[in-house]
Amino acid sequence: MNKLIDWKNRLKKGHMFSIIVGLLIVVAILGFILYKKQREYRQASENSYNAAFFELVDYVQNVETYLAKSLISSTPEHGAETLTNLWREANLAQAYLSRLPIESQELENTEKFLNQVSDYSYSLSRKNIYNESLSDEDFNNLKELHTYSQELENTLNQLSDDLNTGRFSWGELTEKGTVAFAQQVDNISKESFSNLEENFHEYSGLIYDGAFSEHLTNAEPKGLTGDNIDEDQAKEIAENFIGVENIKETSNLGYFENATISNYGFSIKKNNDETVNISISKKGGHVISMNANRDVNTESITQEQADEKGKQYLESKGFSNMKETYYLKQDGIVTINYAYNQDNVVMYPDLIKVKVALDNGEILGLESTGYLNNHQKRDISNVKITKEEAKKNLNKNLEITSEGMAVIPTEWKTEILCYEFKGKVDEREFLVYINAENGKEEDILVITNTPNGTLTE
């Protein structure tokens, strides 16, 4: 009997041992599979980053080539083609630069340089398209850009050698490991990419009227006036804007320094338990946005009445001479765009959006970023052609229904004074903008009228 029990015990132990061995084998196999998958993933990421980097190198080389060609173009036609190609290659270089696992601050100047090459070349290509020759200043700017493009190309070629010799890998740059390893990787990345920024230490950007000019991108918002305020002052402004008598409670949401306009945020509960979120600029204490949410189930006022309600509201808040432009209705609320009107010239960059409830005309929202960024007194005296001369540059098939003047923003963050013509062709409505200085056709917008609003594209 004892032998039988002993045999059973040995059998059980052997069985448990087999189970344990089996589990260890399974764990080992799963571990190997996971390790293999991780290696495959890392290799795929490495390959992807390598591909992006070498595409970046190729496009930067093309940028340098087209910049060189632009310096010797002798005709506007050829110049336009060269500059358009330059614009495309610089854009593609930016796209592949953004795919690399590198902190943006490490490549801030490099990115800024490619941005400026892209936008400046596009700006100059429009000159050529209109058969204008480039000025000496234009060529000097292109020459400067070409010099920096050569430096960028040389540095990227050195980085290519570092990659090919295994000095660092992209996987290491994104690896999250021990503090020591992370520090090592950090040092590698800083050492490897510092030259990119050092090569641009004297690069200050060109001064021209195109996008990403230093005086435009780094300029203080023009509509922000007054001194900086603290959180308590901002809270007082927010409560006065809503109406202290209407407020039950105010909560601070925090300070947002990295926003388009640095601001203090507040959440205000009104006596009727409605919640209003409002942001106040640090500089000057201006209201950037206000938004209240409530259901609107009926429409009791007309669009014209809503327009007037919005205009009266803006007037009461210190925004005078505002003209309604476009609107959009949704869920019983109409959002109306108002643009500043200076001497009967519509300033489209100075835009404020107002939300009006169509049941009782209550103002539910305001957004003034465009106005605060751009509002200023403009010199609108630079009119060199008459309205009749401008009309000669319109398509003969356009049936004009209204005409006026406007300042329009450009994609390069500049402004152009134009004649604004509204008209129809085959029952489609258009807005056509003719440059008031040189008669060029600057833009064409298609107007779409829907039951819910007037839109442009």
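Every number in this text was worked out from the coordinates using simple rules, so none of it is lab data. These numbers were taken from a predicted model, which means no experiment stands behind them. As a convention, Cβ positions derive from the backbone with ideal geometry for all residues, glycine included, and neighbour counts pool all protein chains shown.
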Item to check | Among 143-150, 383-390, the order from most to least packed when residues are scored by Cβ within 10 Å on average | outcome: 143-150, 383-390
Next on the checklist: Highest mean first, how do 362-369, 312-319 rank when packing is the count of other Cβ atoms within 10 Å averaged over residues?
Outcome noted: 362-369, 312-319
Next on the checklist: If you consider only alpha-carbon coordinates, what radius of gyration and Dmax does the stretch 369-425 have, in Å?
Outcome noted: 13.7, 39
Checklist entry - Are there chymotrypsin sites (Phe, Trp or Tyr not before Pro) in the stretch 48-117 that DSSP marks as loop and that have at most 11 other Cβ atoms within 10 Å, and which are they? => result none
Checklist outcome for this item: Honestly the stretch 231-374 on the Cα gyration tensor test (a ≥ b ≥ c root eigenvalues; a/c under 1.5 rounded, otherwise a/b vs b/c for prolate or oblate) is just oblate
Checklist outcome for this item: With bins of 10 Å, the percent of all Cα-Cα pairs of the stretch 295-432 per bin from 0 is 11, 34, 32, 19, 4, 0
Item to check | Over 20 Å between alpha carbons, listed pairs Lys283/Lys317; Lys270/Lys311; Lys127/Lys396; Lys143/Lys413; Lys323/Lys424 | outcome: Lys270/Lys311; Lys127/Lys396; Lys143/Lys413; Lys323/Lys424
Item to check | Length-normalised contact order for the stretch 387-456 - Cα pairs under 8 Å, 6+ apart - percent | outcome: 24
Next on the checklist: Run the Debye formula on the Cα coordinates of the stretch 387-456, all scatterers equal and no solvent, and tell me log10 I(q)/I(0) at q = 0.18, 0.26 1/Å.
Outcome noted: -0.68, -1.19
Checklist outcome for this item: Footprinting proxy, Ser381, Ser300, Ser121, Ser289: sorted fewest to most Cβ within 10 Å, the residues are Ser381, Ser300, Ser289, Ser121
